[in-house]
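The values are calculated or read from the model by the stated rules, or taken from the named source; none is laboratory data. Note that the coordinates shown come from a computational prediction; the quantities given were computed from them, not determined experimentally. Note that we place each Cβ from the backbone using ideal geometry, even for glycine, and neighbour counts take in every protein chain shown. To get the accessible areas, we keep the full protein, side chains included, count just its heavy atoms, and leave off ligands, DNA and RNA. Shrake-Rupley method; radii C 1.70, N 1.55, O 1.52, S 1.80 Å.
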Amino acid sequence: MQTVGSVLDRRGGLAPGFDLLRIVLAVSVVVWHGRAIVNNEITRVDGFFELGSYGIIAAFFGLSGFLITGSALRLRLRDFLLNRALRIIPALAVEIVLSAVVLGPLFTDLPLSNYATDPQTYRYLANILGLIIYTLPGVFAHNPTDVVNGSLWTIPHEIVCYGLMSACVLTGLLRRPALVLGAAAAVIGLGFVFGSGALGDPVTLTARLADKLFVDKASRLYVAFLLGIAAYLYRYRLPYDLRLIGLAAAIVFAAGAFDLTAVTAVPVHPFLNLVVLPSLIYLTVCLGVTDLWVPALLKRGDYSYGIYLYGWPIQQALVALVPVRNTTQQVLLALPCIVLFAMVSWHLIERPILGLRRRFSFVAAHRLQSEADRPTDAAAPGLGGVR
């Protein structure tokens, strides 16, 4: 039987499908956010609700769980956390600083002296630490929404997921995949318990925290991440079967086309976590290990993180500058600018960090060695990497 693990091994542990998926998901986030930025509306879209607001980020987290589990198994915990910090924080910090010291002064309604002395301007830098602040003083005040970068909402949850992975390393759960699946099932089950109202209204701090973790939209991120971990641990037992891939795709498609939330009275996100996420993560992993065609431009670098980071603020800037209120037109206008910023971020910030990671990162060492081995006339700065 062909398995996800056997297919991945034939690719030498790296597969172009993952590179393409990251780009597709990042661009999908930009497209989805266009509606929120242009019309201040992000709750739902007619058709494919789950595939949009629910599925895109969940697939990202499932992919992340799958990809970094191998790193967590190979490395000491200290090196694993350093590896993740070097990959995430530098690019994030640059985007936050640019937003505060360049974007803010350009688009604020306040006198620059007032903007520079407003405490909110300096509090915005706390985003680097995962303490999310969405607005800057007077910035985008006349846009449909004044949120400077709505994409940052996932950063604290990504930090929590790294905490989950650390706990798995410390407790030996990565050697007991059944318990990882059990943890995912527990998050889903607790979502139904807390979401049913059986424990009363979420008025206490503990109850509100439980609501955020198990019932609200963030719950899918943790379930997806845990399922991604489990998929990697079970990769040699997880079938790579076109029939199962087709079935998983059909379930995900049906979730969007027929709006499964309309047929249930139970809490929405726990229901989707149970019904849709296993198929979505299986589909994501199988596509990732598949030898998909990747455009030549995308082979020169991993631009997905930069697209995700810069998408929202660039879209906001264009809404402020150009009187375009059609979502499709706005996205088409913004995408070239976003990709350009993502390329600059990769080649000037993210890729150089790979040099610091190569001692303990298989992917970083592989990518840098691949670049060194390329013929001089074919070489170009910045081969790919993983987030």
With the other protein chains left in place, how much accessible area per residue, in square angstrom, belongs to segment 72-143 at a 1.4 angstrom probe? 49
Quick one: pull the percent of accessible area on segment 67-122 belonging to carbon and sulfur, 1.4 Å probe, ligands and nucleic acids left out. 70
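For the peptides 299-312, 91-104, 23-36, 170-183, what is the packing order when you average, over each peptide's residues, the other Cβ atoms within 10 Å and list the highest mean first? Before the final figure, lay out the partial values.
Details: 299-312: 25.1, 91-104: 18.9, 23-36: 20.4, 170-183: 15.4.
The most tightly packed comes first, giving 299-312, 23-36, 91-104, 170-183.
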Residues of segment 277-326: accessible area per residue with a 1.4 Å probe, Å²: 35
With a ≥ b ≥ c taken as the square roots of the eigenvalues of the C-alpha gyration tensor of segment 80-227, please select rounded if a/c is under 1.5 and otherwise prolate if a/b is larger than b/c or oblate if it is not? oblate
Volume per residue, Å³, of the convex hull around the alpha-carbon atoms of segment 65-113? 94
Could you give each residue of segment 241-257 its phi-based ³J(HN,Hα) in whole Hz, using Karplus coefficients 6.51, -1.76, 1.60 with θ = phi - 60°, and x for Gly or Pro? 10, 4, 5, 5, 4, x, 5, 4, 4, 5, 5, 5, 4, 5, 4, x, 5
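Could you tell me whether segment 73-164 comes out rounded, prolate or oblate from its Cα gyration tensor? Rule is a ≥ b ≥ c as square roots of the eigenvalues, rounded for a/c under 1.5, then prolate if a/b exceeds b/c, otherwise oblate.
Working: a/c = 3.27, a/b = 2.46, b/c = 1.33.
Prolate, since a/c reaches 1.5 and a/b exceeds b/c.
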Going by the alpha-carbon gyration tensor, a ≥ b ≥ c the square roots of its eigenvalues, is segment 93-144 rounded (a/c under 1.5) or, if a/c is not under 1.5, prolate (a/b greater than b/c) versus oblate? prolate
